[in-house]
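K.L.:
Mind having a look at this structure? Questions to follow.
The values are calculated or read from the model by the stated rules, or taken from the named source; none is laboratory data. Everything numeric here is computed off the predicted structure, so don't read it as measured data. Glycine gets a Cβ as well: all are built from the backbone with ideal geometry, and neighbour counts include every protein chain shown.
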Amino acid sequence: MDYPAALAYLDSLVNYEKVRSFRYPEALNLGRMRALAAAWEDPQTAYACVSIAGSKGKGSTAAILSAILNAAGIRTGLYTSPHLLDARERIRTCGRDIPERDFAERASRMKELLLTGPWEKDPPTYFEALTVMAFDYFRSQGARVAVLEVGLGGLYDSTSIADAKAAAITPISLEHTDKLGRTIGQIAVQKAGIIKEGQTVISAPQLPEAGGVIERAAAAARATLWRVGEVIAVVERAFGEDFQDFDVRAPLGDCEGLRLKLLGRHQMENAAQAVALAQALGEKAGLKIPQEAMRRGLESARWPGRLEVIGASPRVVLDGAHNADSARRILGALARHFRFERLIAVLGVSEDKDLGGILGQIAPVAQAVVATQSSHVRALPAEAVAKAAGGIAPEVFLEKDALRAFEKARSLAGRNDLVLVTGSLFLVGDIRRTLC
């Protein structure tokens, strides 16, 4: 089986990232996931694990932590989702995507396994299969640590079978309300499901309803809870168009003289979580992570599609903000780091996202909104985006094709304007695939 065949095979499995609706949590069978991992001789037990859940910022936090560990010379696996361009992005060691050959070999082994025993009647999902493949690849590469970004929720997520030594919960907001719950508290219960007995848990600043749930879950698990904004503090020093300088005060030691190339105050909070996670992991797994590795790791951290600048005159920024709170943070970051005259937004969202909330943030400050849709099966039709934007944006243009929508936005923008592509990582991926 070559790489294209491996992708085709995995796509033949049920993929809840592409299914418009499914029964939650019944569709996510942790018993099946544990059995699948056991069939691969439980590779997730071969290294120390870190779990990161939340509504926004979990991928950035995972990428920053991975960069810190790599800078310290610690062989590290990074598992994230979804991917922007290539499925191999989800499985990385030491900053490099899994090679096509290694990916295909594991897909072939998965296919052979699933032709036997109970798997014929109850096969794993796409995400479950990829998770086990990642676990196995990290083991084969001699990883000492695996950084795991939780997929959906946390309580029933496939990554939760790993006995993580430390965990982080990034900001929680309303998302996947048809599955995770209609309130912040209900969603927080799902996210806090990653907390395990005796862990160190690092929480981002949370709404009171979410913060209370996390505190109770940590207490029930006899876990140590550190909160950004309380025992962990960010001290801002300076910032510019392509950097942020700051210090982090943390329970196991302060880290000073830090520089981050990821933009926005929210990324400094993500970095603070990553620093505290690295310290907690060092204590629990006996790893040495000197301050210089913290500095080098933070400065080298990259996370495509998150306030990523890909053009100038006009400046073009890609960001996959997919709910109202994320959109608010992105607009704040744009105003903080860049000087521009007008904002032109290219907007496409998925069907299950809060279009009204996103537009409520973006439309009032954008000179024009170009409504479009990604190539993903769950993309909301561009006509629906345009209709919703019609009453609140000064100008609205409709262009179903994402690349044409982008070109339309650039044609509307002057040299001193800024074009923002946002609303969906799938849309960002479509644009990035063509331009980067």
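K.L.:
Looking at region 104-122, can you tell me whether even one residue there is surrounded by fewer than 24 Cβ atoms within 10 Å (Cβ to Cβ), more than 23 Å from the chain's Cα centre (by Cα), outside any helix (DSSP H, G or I) and of a type in the set (A, V, I, L, M)?
P.N.:
yes
K.L.:
Hey, another quick one. Is at least one residue of region 249-270 farther than 15 Å from Ala204 by Cβ and in contact with a Pro (Cβ under 8 Å, 6 or more places away or on another chain)?
P.N.:
no
K.L.:
Within region 85-137, count every residue that is touching a Pro at 6+ places or on another chain (Cβ under 6 Å) and under 25 Å from Gly73 (Cα atoms). Don't jump to the end; show me each part of the working.
P.N.:
Of the residues in region 85-137, the ones touching a Pro at 6+ places or on another chain (Cβ under 6 Å) are 114, 135-136.
Subset that is under 25 Å from Gly73 (Cα atoms): 135-136.
Residues in region 85-137 being touching a Pro at 6+ places or on another chain (Cβ under 6 Å) and under 25 Å from Gly73 (Cα atoms): 2 in total.
K.L.:
Identify, from the list Gly360, Gly257, the residue that is without any contact (Cβ under 8 Å) to a residue 40 or more places away in the chain, farther than 26 Å from Ala402 by Cα and out of contact with any Gly (no Cβ under 6 Å at 6 or more places or on another chain). Walk me through how you get there before you give the answer.
P.N.:
Details: Gly360 fails: farther than 26 Å from Ala402 by Cα.
Within the list Gly360, Gly257, the selection yields Gly257.
K.L.:
Assess whether Val369 counts as being crowded, with 22+ Cβ neighbours inside 10 Å, within 30 Å of Phe22 (Cβ to Cβ) and aliphatic (A, V, I, L, M). Working first, answer last.
P.N.:
Details: crowded, with 22+ Cβ neighbours inside 10 Å: yes; within 30 Å of Phe22 (Cβ to Cβ): no; aliphatic (A, V, I, L, M): yes.
Answer is no for this residue.
K.L.:
Would it be correct to say that Ala321 is in a loop (DSSP other than H, G, I, E, B) and within 20 Å of the chain's Cα centre (by Cα)? Quick ask: steps written out before the conclusion?
P.N.:
Numbers: in a loop (DSSP other than H, G, I, E, B): yes; within 20 Å of the chain's Cα centre (by Cα): yes.
Judged against the criteria, Ala321 is a match.
K.L.:
Across region 14-62, which residue is surrounded by the most Cβ atoms within 10 Å (Cβ to Cβ) among those that are modelled with pLDDT of 95 or more, out of contact with any Asp or Glu (no Cβ under 8 Å at 6 or more places or on another chain) and assigned to a loop (DSSP other than H, G, I, E, B)?
P.N.:
Among them, the one singled out is Gly54.
K.L.:
If the requirement is being farther than 28 Å from Glu256 by Cα, surrounded by 21 or more Cβ atoms within 10 Å (Cβ to Cβ) and of a type in the set (D, E, K, R), which of these qualifies: Lys191, Lys179, Lys196? It would help to see each step written out before you state the result.
P.N.:
Numbers: Lys179 fails: surrounded by 21 or more Cβ atoms within 10 Å (Cβ to Cβ); Lys196 fails: surrounded by 21 or more Cβ atoms within 10 Å (Cβ to Cβ).
Unique residue meeting the criteria: Lys191.
K.L.:
In addition: Determine, yes or no, whether Ala402 is in contact with a Ser or Thr (Cβ under 7 Å, 6 or more places away or on another chain) and either of a type in the set (S, T, N, Q) or assigned by TED's automatic domain parsing to the domain that holds Leu343 (or both). Give the derivation first.
P.N.:
Values: in contact with a Ser or Thr (Cβ under 7 Å, 6 or more places away or on another chain): yes; either of a type in the set (S, T, N, Q) or assigned by TED's automatic domain parsing to the domain that holds Leu343 (or both): yes.
Judged against the criteria, Ala402 is a match.
K.L.:
So which of Glu341, Glu351 is of a type in the set (Asp, Glu) and at pLDDT 95 or above? Outline the logic, then answer.
P.N.:
Numbers: Glu351 fails: at pLDDT 95 or above.
Sole residue among the options that is of a type in the set (Asp, Glu) and at pLDDT 95 or above: Glu341.
K.L.:
Test of understanding: among Leu398, Leu412, which residue is in contact (Cβ under 8 Å) with a residue 24 or more places away in the chain, out of contact with any His (no Cβ under 7 Å at 6 or more places or on another chain) and under 25 Å from Phe338 (Cα atoms)? Break it down into steps so the answer makes sense when it comes.
P.N.:
Values: Leu398 fails: under 25 Å from Phe338 (Cα atoms).
Result of the check over Leu398, Leu412: Leu412.
K.L.:
Identify, by number, the condition in (1) over 19 Å from the mean Cα position of the chain (by Cα); (2) outside any helix (DSSP H, G or I) that Leu152 doesn't meet.
P.N.:
Against the list (1) over 19 Å from the mean Cα position of the chain (by Cα); (2) outside any helix (DSSP H, G or I), Leu152 comes up short only on (1).
K.L.:
Ok, one more. Out of all the residues in region 202-215, which are farther than 16 Å from Ser55 by Cα and touching a residue at least 12 places away in the same chain (Cβ under 8 Å)? Break it down into steps so the answer makes sense when it comes.
P.N.:
Initially, region 202-215 is screened for residues farther than 16 Å from Ser55 by Cα, giving 212, 215.
Gly212 - this is the single residue of region 202-215 that is farther than 16 Å from Ser55 by Cα and touching a residue at least 12 places away in the same chain (Cβ under 8 Å).
K.L.:
Would you point out the residue of region 123-149, among those that are of a type outside the set (S, T, N, Q), touching a Leu at 6+ places or on another chain (Cβ under 9 Å) and not in a helix (DSSP H, G or I), that is nearest to Ser173 (Cα to Cα)?
P.N.:
Glu149
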